[in-house]
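Below is one structure; the comments refer to it alone.
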Amino acid sequence: MKKITLLSIAFIAISFASCKKDRTCTCTETENSPGNVASEYKVVYKKITKSNAKSACMSLEVTPTGQAYTETRKCTLK
């Protein structure tokens, strides 16, 4: 009986470790043009694992390209 209980607890713990949840990616966008202010927005991923959500969130980032006015977007998974 103890083995069944321990196996059940182990199975439940493993299933929670990689569960799919709703995850939120928060991005801050700035542009270096005159008079521009930073803006923040959120992207919600539904029923996704943490590692997949992190990859998707990081793919939203934009770095400057060396042009006169550049946009920068920094995203973090919360």
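Readers should treat all values here as calculations from the given coordinates under stated rules, not as data from a laboratory. Just so it is clear, the model here is predicted, and its values are computed rather than measured. We place every Cβ from the backbone using ideal geometry, glycine too, and count neighbours over all the protein chains shown.
Work out from phi, with θ = phi - 60° and the Karplus expression 6.51 cos²θ - 1.76 cosθ + 1.60, the ³J(HN,Hα) of each residue of region 73-78, listed in order in whole Hz, and give x for Gly and Pro.
10, 10, 10, 9, 8, 10
Return the distance in nm (one decimal) between the two label points of a simple spin-label model at V62 and T49, each offset 7 Å from Cα along Cα→Cβ.
Simple spin-label model gives 3.1 nm for this pair.
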